[in-house]
Amino acid sequence: MSWESLVEQMGASRRLAPSSLSFYRGSVRIFSRHFPGLGPLEVQENHLTEFFLAQKKAPTVSENTAGMRLRALLTVLRWAQRRGLLLINPGQDLRAPKGPRPLPPILSREQVRALLEAPLGCKRIMIRYRDRALLELLYANGMRAGEVSALNLDDLDLPGALVKIRGGKGKPRCSPLNGPSVDSLRAYLEESRPAVAEPGEQALFLTMTGLRMSAKNLSSQLHRYGQMLGISGVTPHALRRALATHLL
């Protein structure tokens with residue numbers, strides 16, 4: 001039994017989001033590099049402690065990241081014991097310290113407005129209409145990057161102003177679309193997407209090469225708009241937090 005197989009089984013049973021599953025995979029790979037050949041059945045508490053201390057001392061790893069990686073390992077081991085895959089959880093007495101995590105500043109209405117308008121200055125029609133539509137969805141519907149990336153054409157009901165949101169841990173849900181979102185999506189579907197979409201392609205948001213736009217692509221694009229406007233901390237989650245704050 002390998003670390004990788006445990007993570008995959010846990011991810012399937014808990015229906016982990018792709019980003020969460022990726023972090024668990026990365027954490028066990030780093031642990032495996034530190035202790036080559038040491039599988040889940042052989043690991044002891046001292047191995048976990050040594051790994052955490054080594055991570056803390058690494059010049060490129062913060063204490064928060066070291067703690068998060070240890071917590072990922074402890075979560076996998078705890079899940080494996082509960083499923084009967086491990087008789088003893090070697091990390092049952094360990095607690096990974098949580099360092100301070102100051103919240104980033106919340107985007108103001110003016111900053112969000114500037115972000116929504118930023119794509120309109122792009123010379124490439126494909127990017128102009130695509131990014132305006134996805135920014136509207138992220139902010140107006142509070143969607144996560146993975147949820148926007150997972151959207152297919154049949155998830156949209158523009159006449160009914162509805163979108164089916166998938167990609168998270170829960171069941172698909174329908175969310176209403178506001179007027180600007182409907183208008184920007186219609187413009188994208190009519191003016192931009194046909195230029196790059198292959199016949200039969202179902203993904204809603206596409207890259208310039210016609211592939212599904214990943215959550216990483218989407219986040220990188222938002223970061224570029226933030227740099228262009230001189231606004232720090234522009235992420236899909238920042239727009240989600242801004243929506244919640246502005247609604248309050």
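The values are calculated or read from the model by the stated rules, or taken from the named source; none is laboratory data. Computed from a prediction, not measured in an experiment: that's the story for all the values here. A quick note on method: Cβ atoms are made from the backbone with ideal geometry, for glycine too, and the neighbour counts reach across all protein chains shown. These accessible areas exclude ligands, DNA and RNA; they are computed on the full protein's heavy atoms, side chains included. Shrake-Rupley method; radii C 1.70, N 1.55, O 1.52, S 1.80 Å.
Within the set L247, L211, the sole residue that is open to solvent by 70 Å² or more (accessible area, probe 1.4 Å), out of contact with any helix residue (DSSP H, G or I) (no Cβ under 8 Å at 6 or more places or on another chain) and closer than 15 Å to Y139 by Cβ turns out to be L247. Every listed requirement among (1) buried (at least 16 other Cβ atoms within 10 Å of the Cβ); (2) touching a helix residue (DSSP H, G or I) at 6+ places or on another chain (Cβ under 7 Å); (3) at pLDDT 90 or above; (4) more than 18 Å from R128 (Cα to Cα) is met by T235 save one, (3). For region 6-28, which positions are under 26 Å from K56 (Cβ atoms), open to solvent by 30 Å² or more (accessible area, probe 1.4 Å) and either of a type in the set (S, T, Y) or without any contact (Cβ under 8 Å) to a residue 24 or more places away in the chain (or both)? Those that are under 26 Å from K56 (Cβ atoms), open to solvent by 30 Å² or more (accessible area, probe 1.4 Å) and either of a type in the set (S, T, Y) or without any contact (Cβ under 8 Å) to a residue 24 or more places away in the chain (or both): S19, S20, S22, Y24, R25.
When R132 is tested against (1) among the basic types (K, R); (2) open to solvent by less than 70 Å² (accessible area, probe 1.4 Å); (3) over 20 Å from the mean Cα position of the chain (by Cα), just one condition goes unmet, and that condition is (3). Being in a helix (DSSP H, G or I), surrounded by fewer than 19 Cβ atoms within 10 Å (Cβ to Cβ), modelled with pLDDT of 90 or more and small (G, A, S), is that true of even one residue in region 107-117? The answer is yes; a qualifying residue exists. Filter region 29-40 down to the residues that are surrounded by fewer than 13 Cβ atoms within 10 Å (Cβ to Cβ) and assigned to a loop (DSSP other than H, G, I, E, B), then identify the one that is modelled with the lowest pLDDT. Selected residue: G37. Among the residues that make up region 126-136, is at least one of them among the hydroxyl-bearing types (S, T, Y), farther than 15 Å from L189 by Cα and in contact with a helix residue (DSSP H, G or I) (Cβ under 7 Å, 6 or more places away or on another chain)? There is no residue in region 126-136 that is among the hydroxyl-bearing types (S, T, Y), farther than 15 Å from L189 by Cα and in contact with a helix residue (DSSP H, G or I) (Cβ under 7 Å, 6 or more places away or on another chain).
I'd like the full set of residues that are within 21 Å of M208 (Cβ to Cβ) and among the basic types (K, R), limited to region 122-159. K123, R124, R128, R130, R132, listed by residue number.
With respect to being touching a Lys or Arg at 6+ places or on another chain (Cβ under 6 Å) and farther than 18 Å from K164 by Cα, S184 falls outside the description. Among the residues of region 64-99, those that are open to solvent by 70 Å² or more (accessible area, probe 1.4 Å) and over 22 Å from the mean Cα position of the chain (by Cα) comprise R78, R82, R83, L87, I88, Q92, D93, R95.
Quick one: is R15 modelled with pLDDT under 90 and of a type outside the set (S, T, N, Q)? It is true that R15 is modelled with pLDDT under 90 and of a type outside the set (S, T, N, Q). Checking each residue of region 116-130 against the condition of being within 16 Å of A242 (Cα to Cα) and among the aromatic types (F, W, Y) gives no match.
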